[in-house]
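Right, one structure below, let's go through it.
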Amino acid sequence: RQASLPLAISNLKAWYGEVQALFGIDFTVSEGEVVVLLGRNGAGKSTILRVIMGLLQRQSGQVLLQGREVRSLRPSERAHLGLGYCPEERGIFASLTVAENMALSPRLGGSGMSDDEIFELFPNLRSRTRHLGGQLSGGEQQMLAIGRILRSGARTLLLDEPTEGLAPIIIRQIEQAITALKQRGYTILLVEQNLAFVLGVADRVVAIENGLVVDNCPTSEAERIEARLSKYIAV
Ligand code: ATP
């Protein structure tokens, strides 16, 4: 059954130099599922995304993409397998236009979204194609960052705090886009601290504390889920 899962990680450990950040993380993400990693600052959420993308040198454990072990693959090779990563800092080139930022995202396979599909998903971006990346609002930069990995053909998306610093109305637009992507069968693993947003988009929440999974609960099943999850959020 694991063979068909977009993402399965087991006994994942990671270190920054001599400092261990992950102590044996296990969870899976099913096709079309939205899973949220929840936890306080420093819990290890961003590190999990970096290890899945292959960006950390010192790591151990298993990362399976569609059942395939990817430990020996570079980030670019993982991208060719349909994995896309948006870091917290978004990685937009400030001195290039929106169109140029998009064009820099290589098309890695047949399944990449057309620019038109990306603008349907994020209507705000369409009128901004000639604007410089540095002129965009935080929300527009986030949309552009997600658009770029969709263009490259990613079907499994790793998003680090996509709503951080954004106004509520923009957060709502990101939520709608994620719901639309889910309906189109995209698989999404995202780091988030905004509980209202989490409850709006997540099928399941994996709570992280001190580099370990401390809860893994479907949002449909848990009763009084806010009480159950709020203890994992930064205060
Ligand atoms: P945040 O929301 O603050 O990013 P997080 O849950 O994503 O929190 P991580 O960024 O994954 O946490 O950090 C996990 C642990 O690894 C923390 O103890 C952090 O100090 C440490 N760490 C993260 N990045 C580095 C780095 N580049 N060098 C050294 N230690 C790091």
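Quickly run through region 14-32 and pick out the residues that are within 12 Å of the ligand (Cβ to nearest atom) and surrounded by 16 or more Cβ atoms within 10 Å (Cβ to Cβ).
Residues of region 14-32 that are within 12 Å of the ligand (Cβ to nearest atom), as a first pass: 14-23, 25.
If the condition is that a residue be within 12 Å of the ligand (Cβ to nearest atom) and surrounded by 16 or more Cβ atoms within 10 Å (Cβ to Cβ), then Ala14, Ala21, Leu22, Ile25 are the ones that fit.
Collect the residues in region 152-166 that are polar (S, T, N, Q) and modelled with pLDDT under 95, keeping them in residue-number order.
So the first thing to find is which residues in region 152-166 are polar (S, T, N, Q), and the list is 152, 156, 163.
Listed by number, the residues that qualify are Ser152, Thr163.
Matching residues to (1) within 18 Å of Arg126 (Cα to Cα); (2) of a type in the set (Phe, Trp, Tyr); (3) open to solvent by 30 Å² or more (accessible area, probe 1.4 Å); (4) under 13 Å from the mean Cα position of the chain (by Cα):
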| position | (1), (2), (3), (4) |
| --- | --- |
| Met143 | yes, no, no, yes |
| Asp160 | no, no, no, yes |
| Pro168 | no, no, yes, no |
| Leu189 | no, no, no, yes |
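Could you list, in sequence order, all residues of region 186-211 that are farther than 29 Å from Ser111 by Cα, among the hydrophobic types (A, V, I, L, M, F, W, C) and within 12 Å of the ligand (Cβ to nearest atom)?
Ala207, Ile208
Which one of these is open to solvent by less than 50 Å² (accessible area, probe 1.4 Å) and within 12 Å of the ligand (Cβ to nearest atom): Gly61, Gly44?
Values: Gly61 fails: within 12 Å of the ligand (Cβ to nearest atom).
Going through Gly61, Gly44 in turn, just one is open to solvent by less than 50 Å² (accessible area, probe 1.4 Å) and within 12 Å of the ligand (Cβ to nearest atom): Gly44.
Can you confirm whether region 75-83 contains a residue that is within 16 Å of the ligand (Cβ to nearest atom), in a strand (DSSP E or B) and surrounded by 14 or more Cβ atoms within 10 Å (Cβ to Cβ)?
No, that holds for no residue.
Report yes if Arg71 is under 19 Å from Ser152 (Cα atoms) and not hydrophobic (A, V, I, L, M, F, W, C), otherwise no. Break it down stepwise before answering.
Working: under 19 Å from Ser152 (Cα atoms): no; not hydrophobic (A, V, I, L, M, F, W, C): yes.
Spelling it out, it is not the case that Arg71 is under 19 Å from Ser152 (Cα atoms) and not hydrophobic (A, V, I, L, M, F, W, C).
Being away from the ligand (no atom under 11 Å from the Cβ), under 14 Å from the mean Cα position of the chain (by Cα) and crowded, with 17+ Cβ neighbours inside 10 Å narrows it down to one residue among Val70, Val36; which is it?
Working: Val70 fails: under 14 Å from the mean Cα position of the chain (by Cα).
Of the residues listed, the single one that is away from the ligand (no atom under 11 Å from the Cβ), under 14 Å from the mean Cα position of the chain (by Cα) and crowded, with 17+ Cβ neighbours inside 10 Å is Val36.
Could you list, in sequence order, the residues of region 202-232 that are open to solvent by 10 Å² or more (accessible area, probe 1.4 Å) and part of a helix (DSSP H, G or I)?
Result: Ile225, Glu226, Ala227, Arg228, Ser230.
Just name the residue that is nearest to the ligand (Cβ to nearest atom) out of those in region 47-58 that are assigned to a loop (DSSP other than H, G, I, E, B) and within 16 Å of the chain's Cα centre (by Cα).
If we filter region 47-58 for residues that are assigned to a loop (DSSP other than H, G, I, E, B), which is where we start, we get 54-58.
Going one step further and asking which of them are within 16 Å of the chain's Cα centre (by Cα), we end up with 54-55.
Values: Gly54: 15, Leu55: 10 Å.
Among residues in region 47-58 that are assigned to a loop (DSSP other than H, G, I, E, B) and within 16 Å of the chain's Cα centre (by Cα), the one nearest to the ligand (Cβ to nearest atom) is Leu55.
Can you tell me which residues in region 170-219 are among the hydroxyl-bearing types (Ser, Thr, Tyr) and over 29 Å from Lys13 (Cβ atoms)? Spell out how you get there, then give the answer.
Start the filter on region 170-219 by keeping residues that are among the hydroxyl-bearing types (Ser, Thr, Tyr), which leaves 179, 186-187, 219.
Correct list: Thr179 only.
Check whether at least one residue in region 36-49 is of a type in the set (Ser, Thr, Tyr) and closer than 21 Å to Ile174 by Cβ, and report yes or no.
Of region 36-49, the ones of a type in the set (Ser, Thr, Tyr) are 46-47.
Keeping just the survivors that are closer than 21 Å to Ile174 by Cβ gives 46.
Checking region 36-49: at least one residue is of a type in the set (Ser, Thr, Tyr) and closer than 21 Å to Ile174 by Cβ.
The values are calculated or read from the model by the stated rules, or taken from the named source; none is laboratory data. Fair warning: this is a prediction, and the values are worked out from it, not measured in the lab. A quick note on method: Cβ atoms are made from the backbone with ideal geometry, for glycine too, and the neighbour counts reach across all protein chains shown. Note: accessible area is taken over every heavy atom of the protein model, side chains too, but ligands, DNA and RNA are not part of it. Shrake-Rupley method; radii C 1.70, N 1.55, O 1.52, S 1.80 Å.
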